[in-house]
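Structure, as C-alpha cells:
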Amino acid sequence: MSLAECCTICFIKRLLHDIDFGLLTTILSGQPFVIHFASFSPDSSTYFAPELRQRLIQQGKINLESYFYSQDLLKKVKGKEIKETAVSEQEYAVRDQGFKRTMRRIYDHRCALCGIRVKTAEEHTAVVGAHIIPWNINHNDDPRNGLSLCRLCHWTFDEGLMTVNLDYVVRTSPQLNSLGNMAAHLALLNQRNMIRPADSDFLPDPDSLSWHMKKVFRRR
Ligand SMILES: [Zn+2]
C-alpha cells in the first residue's frame, strides 16, 4: 500500500468516526434528522467523490439506525426477552454495530475479564462487544448474552482459553500455561472476579455462561 493510499484510508476512518460522534451529539440534542441529512446536502457533492459520498451516506444511515437499535436493547432488558432475526447485510451491520455500542456503554469501556480501559481523545476504545453464545448460533443480541472485552480477551474467550463461572469469577484454561506459551498477565486472571456492569440488570445470563463453560472452555 502506498503512503497516499494509507493516508486516504486513515482520513476516511477518521471522518467516519467523526460523523458518528457528531451524529450522536446531534441526536442527544434532539434534532437527529435535520442535521444528519444536512450533512449530506447537495453541497456535499462538491467535497466528496461520488463513490466516497455514497459510502458516507450509507455509513451515516448505519450509525443512526445502530444508535436506535442500541437504545432499544437497553430498554428491552428491563422488560422482555430479545430474539433477533436480522438477515440482510444492512440489518446485520446495524445490529452488529448497535450491539457493540451497547456493550461498551454497559461496561463503561472496560474489559470485563482483564479490566483494561483505554480511550483516545476521539473516543476510540480498546474494547468491543462480544457475544457469549455467538450470534450465529441463537441470534440473541440480549446484552445479558454479551461482554465488553479487549481484543486479546475476546480472542482468548472465543478460543475457550478463558471463561466466567456462575459466580462471575474468571477461569483460565491450563492450556494458557502449556509449553511454549507466554500468556503473561492473562494467566494471573484465574480466580479473579470479573468486572461487573454498574447496573446488575445487565449481568451475564447464567444460561449463556453455562453454555460457554460446557461447549467452548478448554478444561484441560
Ligand atoms: Zn481484556
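The values are calculated or read from the model by the stated rules, or taken from the named source; none is laboratory data. What you see is a predicted model; the values in this text were computed from it and never measured. Please note: Cβ atoms are built from the backbone with ideal geometry, for glycine as well, and neighbour counts cover all protein chains shown.
Observations
- Qualifying position, being within 16 Å of the ligand (Cβ to nearest atom) and modelled with pLDDT under 95, among L188, L149: L188
- The single condition among (1) over 19 Å from D96 (Cα atoms); (2) free of Cβ contacts under 8 Å to residues at least 40 places away in the same chain; (3) in contact with a strand residue (DSSP E or B) (Cβ under 6 Å, 6 or more places away or on another chain) that A184 does not meet is (3).
- Extreme residue, farthest from R192 (Cα to Cα), among residues of the stretch 110-121 that are crowded, with 18+ Cβ neighbours inside 10 Å and more than 7 Å from the ligand (Cβ to nearest atom): R110
- The stretch 152-191, residues that are in a helix (DSSP H, G or I), surrounded by fewer than 15 Cβ atoms within 10 Å (Cβ to Cβ) and among the polar types (S, T, N, Q): Q175, N177
- Filtered residues of the stretch 96-126 (kept if of a type outside the set (K, R), touching a His at 6+ places or on another chain (Cβ under 7 Å) and without any contact (Cβ under 8 Å) to a residue 24 or more places away in the chain): T125
- Selected residue (only one of V164, V128 is among the aliphatic types (A, V, I, L, M) and closer than 23 Å to I62 by Cα): V128
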